[in-house]
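Contents: one structure, followed by commentary.
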Amino acid sequence: MARISRTWWGERFLEALEQCTDSGRLSRGRSYSRPGRMLSFSIEGAHINARLKGNINPYFGVYKEPRYTVEIQLKAIAAKKWKQILKRLAGNAGWLSRLLMNEMPDDIEDAFRDSGVSLLPAFPADLKTACSCPDWANPCKHVAGTYYKVAGLLDQDPFLLFELRGITRKKLRKQLAATPLGKALVAEMEEGLDAKPEPVASRFPAPARMALEGEIGLRDFWQGKSIPELPPTAKGPGVPALLIKKQGDYPPFWPGDNSFIEAMEAIYEQVRIKNKKSL
């Protein structure tokens with residue numbers, strides 16, 4: 001079966017759910033995350049709402065395809081705890097720089113653990129769920145399918161989990177960028193982005209012109225014995241690739257299963273090798 005989640009962050013969300021729910025029932029609801037099963041899906045703040053198709057089962061007297069409504073809410077982290085967490089994040093240059101570039105640090109849970117909480121669901125109490133189906137167990141197949149849908153969204157936008165935990169992306173970035181270290185990093189990232197390009201007469205430097213003494217025979221001309229050497233190619237300034245890195249591993253326009261940043265790094269490496277002599 002194809003993977004629902006494409007990145008380490010989406011997979012980590014599912015692994016966290018397996019630790020605090022019934023992993024067997026979670027896997028059985030995987031198929032309910034598909035478009036043919038999920039009729040509607042929406043997220044409003046910390047509330048997740050979905051409507052799914054059920055199964056027709058004449059054995060149990062179900063002859064009409066049922067519709068079930070699912071509601072999920074992650075427990076919000078208290079404002080006092082968020083203040084501690086943001087202070088911890090703002091004091092670490094590695095975490096802060098990646099967050100300001102729309103990247104999720106793989107060890108970010110350390111900042112939450114020091115405050116006695118977790119960004120990912122860690123306990124059953126972190127998840128409040130409800131489904132209109134008659135299944136008494138939690139999670140039912142429909143709730144589990146909605147979990148897989150959320151995991152797929154976290155692949156494209158891992159910062160969604162911050163909003164589900166009680167802080168918006170805008171507020172998170174604003175508070176991190178307002179710290180002394182945040183101001184310095186933002187200034188460095190924005191440096192040069194507003195610079196206007198300067199027009200040049202030619203993309204490549206003009207070759208040096210040298211006067212040749214005497215006449216050149218055809219044989220010497222084609223063998224290049226009397227052709228002067230060209231001056232070395234001027235090296236241009238290095239490109240920090242901030243615009244690419246700010247898109248994150250899985251920007252909305254990137255359809256591939258691999259990381260956008262890793263793909264661009266591979267392309268740059270191929271170009272560097274191919275043009276090694278001229279760089």
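The values are calculated or read from the model by the stated rules, or taken from the named source; none is laboratory data. Computed from a predicted model, the values in this text were never measured in an experiment. Positions of Cβ are generated from backbone atoms using ideal geometry, with glycine treated the same way; all protein chains shown enter the neighbour counts.
Quick notes
- Counting only strands (runs of 3 or more DSSP E) that sit completely within the range 22-89, zero hold 1 or more residues that are over 30 Å from Leu181 (Cα atoms), under 24 Å from the mean Cα position of the chain (by Cα) and not assigned by TED's automatic domain parsing to the domain that holds Val117.
- Residues of the range 149-175 satisfying the condition of being basic (Lys, Arg) and either within 20 Å of Ala50 (Cα to Cα) or touching a residue at least 12 places away in the same chain (Cβ under 8 Å) (or both): Lys149, Arg165, Arg173
- Where Tyr63 falls short, out of the listed (1) surrounded by 16 or more Cβ atoms within 10 Å (Cβ to Cβ); (2) of a type outside the set (D, E, K, R); (3) free of Cβ contacts under 8 Å to residues at least 12 places away in the same chain: (1)
- The residue that is modelled with the lowest pLDDT, counting only those in the range 107-134 that are touching a helix residue (DSSP H, G or I) at 6+ places or on another chain (Cβ under 7 Å) and exposed (fewer than 15 other Cβ atoms within 10 Å of the Cβ), is Asp114.
- Some residue of the range 99-106 being outside the structural domain of Glu262 (by TED's automatic domain parsing), assigned to a helix (DSSP H, G or I) and either charged (D, E, K, R) or farther than 29 Å from Asp249 by Cα (or both): no
- Test: residue in the range 79-99 that is crowded, with 17+ Cβ neighbours inside 10 Å, among the hydroxyl-bearing types (Ser, Thr, Tyr) and in contact (Cβ under 8 Å) with a residue 12 or more places away in the chain: yes
- Looking across the range 178-205 at every residue that is β-branched (Val, Ile, Thr) and surrounded by 12 or more Cβ atoms within 10 Å (Cβ to Cβ), the one that is modelled with the highest pLDDT is identified as Thr179.
- Scanning the range 126-159 for residues that are of a type in the set (Gly, Ala, Ser), in contact with a Phe, Trp or Tyr (Cβ under 9 Å, 6 or more places away or on another chain) and in a loop (DSSP other than H, G, I, E, B) turns up just one, Ser132.
- Selected residue (criterion: modelled with the highest pLDDT) from residues of the range 135-163 that are of a type in the set (Phe, Trp, Tyr) and more than 17 Å from Gly24 (Cβ to Cβ): Phe162
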